[in-house]
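Peer 1: Take a look at the following structure, please.
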Amino acid sequence: MVADEPSGQMDLLLEHLRQKASAGQTHVWLSPAARDVMRAWHQARRGGPRVPRESSGDARQARPVAAVSAAAVRAAGSADVPVPPAAAVWPEGAPEAGLTEALAAVRAGVLACPVYAALRARGALRDTMVFATGHPASPLVLVGEAPGAEEEKLGEPFVGPAGNLLTKMIVAMGLDRSKVYITNIVKYRPVIEEGDQGSRNRRPTAEEIAAGLPHLRKELAALRPRVLVALGATALEGLAGEALPIGQARGRWRTFDGIPLMPTFHPSYLLHNESLTERRKVWEDLLQVMEKLGLPISAKQRAFFRT
Ligand code: URA
């Protein structure tokens, strides 16, 4: 029955919206048809204009349910009309106190972690902890592998040459680095034993990744971003448990604890391989991320790094 469809579908829609709200989402995109459905439903709830009967003889149609056609309801909630994802909400101002406290607890957990302590005592990891940078309420979280020499010096992830390139990538997406959250799987710089380590860095081992993962999981549970990007094979291995060459894995969505995850090349790979083809691959992955976040994409952006 047409008159019952809207109220049943509204219950489902309301439940869906409640779930989004409890996950921290504050805005949704509604098509004009969906807005009509909601307006009519709202009026009906307030005892507003009665619905003109579509046919006679059915007592249920006498209820002021909604002045909505079945087609409008279908258009609002089905594949008849492609509904773009709601644009992500970008943070303004300081994060909520609860989020700051939750992250402080994760940070304290890293500092007190006996597994990390054992790796440091054994000389596998250095002693300076580098936690994360950016806005904790960001819908976008970028995950790298571990801090290097520059990061250790400044206490911030991705501030060396790879970090500079990462910042350019963020800007190319039309974003401000301070509105994106950037972290690493492993929060301490891995040690290179032979000779003086100097500015040399190495990838974390599987054991070091395993030490970092429980903390990263808690960090992401506090952040609940809309989209995650794994920068390089180590981040992908940590987040998705896939020890695949990143060249094979990149560009295809996965999930981590229910959060969409896009693997792409680590910016340091691009520093050593500056061909347009490789840069284009990373850019295509980032275009997918922009689409998922509902970010505007200009024709110029779509054409970046095309040969
Ligand atoms: N590479 C990473 O993976 N993380 C950093 O923080 C710096 C370089």
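Yes/no matrix, rows are residues, columns are (1) under 25 Å from MET262 (Cβ atoms); (2) in contact with a Cys (Cβ under 8 Å, 6 or more places away or on another chain); (3) small (Gly, Ala, Ser); (4) modelled with pLDDT of 95 or more:
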{"residue": "ALA66", "(1), (2), (3), (4)": "no, no, yes, no"}
{"residue": "ARG74", "(1), (2), (3), (4)": "no, no, no, no"}
{"residue": "ALA87", "(1), (2), (3), (4)": "yes, no, yes, no"}
{"residue": "TRP90", "(1), (2), (3), (4)": "yes, no, no, yes"}
{"residue": "TYR116", "(1), (2), (3), (4)": "no, no, no, yes"}
{"residue": "SER138", "(1), (2), (3), (4)": "yes, no, yes, yes"}
{"residue": "VAL143", "(1), (2), (3), (4)": "yes, no, no, yes"}
{"residue": "PRO161", "(1), (2), (3), (4)": "yes, no, no, yes"}
{"residue": "LEU165", "(1), (2), (3), (4)": "yes, no, no, yes"}
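Peer 1: What number of residues within region 114-149 satisfy the criterion of being over 19 Å from LEU239 (Cβ atoms) and in contact (Cβ under 8 Å) with a residue 24 or more places away in the chain? Lay out the reasoning, then the answer.
Peer 2: Keep residues of region 114-149 that are over 19 Å from LEU239 (Cβ atoms), which gives 114, 117-129, 135, 137, 148-149.
The next check asks that each one be in contact (Cβ under 8 Å) with a residue 24 or more places away in the chain; those that pass are 119-120, 123-129, 135, 137, 148-149.
Number of matching residues: 13.
Peer 1: Any idea which of (1) of a type outside the set (Gly, Ala, Ser); (2) within 16 Å of the ligand (Cβ to nearest atom); (3) in a strand (DSSP E or B) is the one ASP127 doesn't satisfy?
Peer 2: ASP127 satisfies all of (1) of a type outside the set (Gly, Ala, Ser); (2) within 16 Å of the ligand (Cβ to nearest atom); (3) in a strand (DSSP E or B) except (2).
Peer 1: Before we move on, is ALA162 surrounded by fewer than 20 Cβ atoms within 10 Å (Cβ to Cβ), within 11 Å of the ligand (Cβ to nearest atom) and either within 27 Å of ASN273 (Cα to Cα) or among the aromatic types (Phe, Trp, Tyr) (or both)?
Peer 2: Details: surrounded by fewer than 20 Cβ atoms within 10 Å (Cβ to Cβ): no; within 11 Å of the ligand (Cβ to nearest atom): yes; either within 27 Å of ASN273 (Cα to Cα) or among the aromatic types (Phe, Trp, Tyr) (or both): yes.
No; evaluated as a whole, the condition is false for this residue.
Peer 1: Take PRO136 and tell me if it is within 30 Å of ALA97 (Cβ to Cβ) and either out of contact with any helix residue (DSSP H, G or I) (no Cβ under 9 Å at 6 or more places or on another chain) or more than 9 Å from the ligand (Cβ to nearest atom) (or both). First the steps, then the outcome.
Peer 2: Values: within 30 Å of ALA97 (Cβ to Cβ): yes; either out of contact with any helix residue (DSSP H, G or I) (no Cβ under 9 Å at 6 or more places or on another chain) or more than 9 Å from the ligand (Cβ to nearest atom) (or both): yes.
Taking the combined requirement at face value, the residue satisfies it.
Peer 1: Take the residues in region 167-203 that are touching a residue at least 60 places away in the same chain (Cβ under 8 Å) and within 16 Å of VAL130 (Cα to Cα); name whichever of them is farthest from the chain's Cα centre (by Cα). Steps first, answer last, please.
Peer 2: Step one: of region 167-203, the residues touching a residue at least 60 places away in the same chain (Cβ under 8 Å) are 169, 172-175, 179, 186-191, 193.
Right, trim to within 16 Å of VAL130 (Cα to Cα) and you get 186-191.
Details: VAL186: 19, LYS187: 20, TYR188: 23, ARG189: 25, PRO190: 27, VAL191: 30 Å.
Step by step, filter region 167-203, then rank; the result is VAL191.
Peer 1: Got a sec? Which of VAL171, VAL186, VAL180 is aliphatic (A, V, I, L, M), out of contact with any Lys or Arg (no Cβ under 8 Å at 6 or more places or on another chain) and under 21 Å from PRO296 (Cα atoms)? Steps first, answer last, please.
Peer 2: Working: VAL171 fails: out of contact with any Lys or Arg (no Cβ under 8 Å at 6 or more places or on another chain); VAL186 fails: under 21 Å from PRO296 (Cα atoms).
Just one listed residue meets the conditions, VAL180.
Peer 1: Since ALA146 meets every condition but one in (1) over 20 Å from the mean Cα position of the chain (by Cα); (2) within 11 Å of the ligand (Cβ to nearest atom); (3) in a loop (DSSP other than H, G, I, E, B); (4) not β-branched (Val, Ile, Thr), which condition does it not meet?
Peer 2: Only one criterion in (1) over 20 Å from the mean Cα position of the chain (by Cα); (2) within 11 Å of the ligand (Cβ to nearest atom); (3) in a loop (DSSP other than H, G, I, E, B); (4) not β-branched (Val, Ile, Thr) is unmet by ALA146, namely (1).
Peer 1: Only one of these conditions is not met by ALA117: (1) more than 16 Å from the ligand (Cβ to nearest atom); (2) loosely packed, with under 13 Cβ neighbours inside 10 Å. Which number is it?
Peer 2: Result: ALA117 passes all but (2).
Peer 1: Filter region 132-149 down to the residues that are within 30 Å of LEU293 (Cβ to Cβ) and either out of contact with any Pro (no Cβ under 8 Å at 6 or more places or on another chain) or surrounded by fewer than 18 Cβ atoms within 10 Å (Cβ to Cβ) (or both) and list them by number. Working first, answer last.
Peer 2: Residues of region 132-149 that are within 30 Å of LEU293 (Cβ to Cβ), as a first pass: 132-148.
Residues satisfying the conditions are GLY134, LEU142, VAL143, GLY148.
The values are calculated or read from the model by the stated rules, or taken from the named source; none is laboratory data. Computed from a prediction, not measured in an experiment: that's the story for all the values here. When we count neighbours, we look across all protein chains shown, and the Cβ atoms used for this are built from the backbone with ideal geometry, even at glycine.
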